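Trainee: After the structure tokens below, expect a handful of questions from me.
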Amino acid sequence: APTGPVITPPIGSGVPPTIGAGGLPAGFTLTAPWPEGGAIDAQYTCDGAGLAPLIAWTAPPAGTVELALVVSDNDAEDFVHHAVAGIPATAGQLGAGAVVPGSYEGTNDFGNPGWGGPCPPTPGTTHTYRWTLYALAQQTELPEGFAGRELQSLAMDTAFASTQLTGTYTRAG
């Protein structure tokens, strides 16, 4: 089975993900300061400075009008840590405390706008966090201060492609 980011059609479309030659992901991929599935540095978490990591991506598929990013915790019912709408298709990266011109952040499940770093509720536990970048053929047109879960639902329903990257964080015990 392939590992790493995969171009994913809309959920429920019945179309399998696009995989390139040799089982490697085709095209649209994400990169972070850690390898796929690797440990997230504490500086990006509630135990550190709480900085948003710099996430970069390769060119999105043709026809992308806007990108949307949702960061969620796989182990906490997809708790949303960050939601960004209106990312221009040409942006190429996001994070490190900067918002790309034209994009806007929603409210995370902590109830705050912007980034809310990994923070497993029980010390000594490891959670897996998923960055999903959605390629949209239309603008999201969400209001300022939108709930991150609104973007997640909208993007899952309307994206024609997406790519994902995961990382883990273990809270000190």
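The values are calculated or read from the model by the stated rules, or taken from the named source; none is laboratory data. Note that this is a predicted model, so its numbers are computed, not measured. Counting neighbours? That spans all protein chains shown, and the Cβs are built from the backbone with ideal geometry, glycine included. Just so you know, the surface numbers come from the protein's heavy atoms only, side chains and all, with ligands and any DNA or RNA stripped out. Shrake-Rupley method; radii C 1.70, N 1.55, O 1.52, S 1.80 Å.
Trainee: Return the distance in nm (one decimal) between the two label points of a simple spin-label model at LEU51 and THR170, each offset 7 Å from Cα along Cα→Cβ.
Mentor: 2.4
Trainee: Given all pairs of different Cα atoms, what value in angstroms does the Kirkwood hydrodynamic radius of segment 30-107 take? Kindly include the intermediate steps, with their values, before the conclusion.
Mentor: Values: mean 1/r = 0.0738 Å⁻¹.
Across segment 30-107, the inverse of the average 1/r is 13.5 Å.
Trainee: Carbon and sulfur atoms: what percent of the 1.4 Å accessible area of segment 66-173 do they account for?
Mentor: 50
Trainee: Within 10 Å of each candidate Cβ there may be at most 14 other Cβ atoms; applying that plus a DSSP loop requirement, which GluC sites (Glu not before Pro) in segment 43-114 survive?
Mentor: The qualifying sites are GLU77.
Trainee: Please list, in order along segment 95-105, the HN-Hα scalar couplings obtained from phi with the Karplus expression 6.51 cos²θ - 1.76 cosθ + 1.60 (θ = phi - 60°), rounded to whole Hz, x for Gly and Pro.
Mentor: For segment 95-105, the Karplus curve yields x, 6, x, 9, 10, 5, x, x, 8, 8, 9 Hz.
Trainee: Here's another thing I want to ask about it. If R0 is 22 Å, what FRET efficiency do you get for ALA147 and GLU77 from their C-beta distance, rounded to 0.05?
Mentor: Details: r = 15 Å, r/R0 = 0.67.
Calculated transfer efficiency: 0.90.
Trainee: How much length, in nm to one decimal, is gained on full extension between ASN112 and GLN138, taken as 0.36 nm per residue of separation minus their Cα-Cα distance?
Mentor: Contour length minus the Cα-Cα distance gives 6.7 nm.
Trainee: For a label point 7 angstrom out from the Cα of THR128 toward its Cβ, which stretches of segment 147-173 have the backbone nitrogen within less than 11 Å?
Mentor: 166-168, by backbone N distance to the label point.
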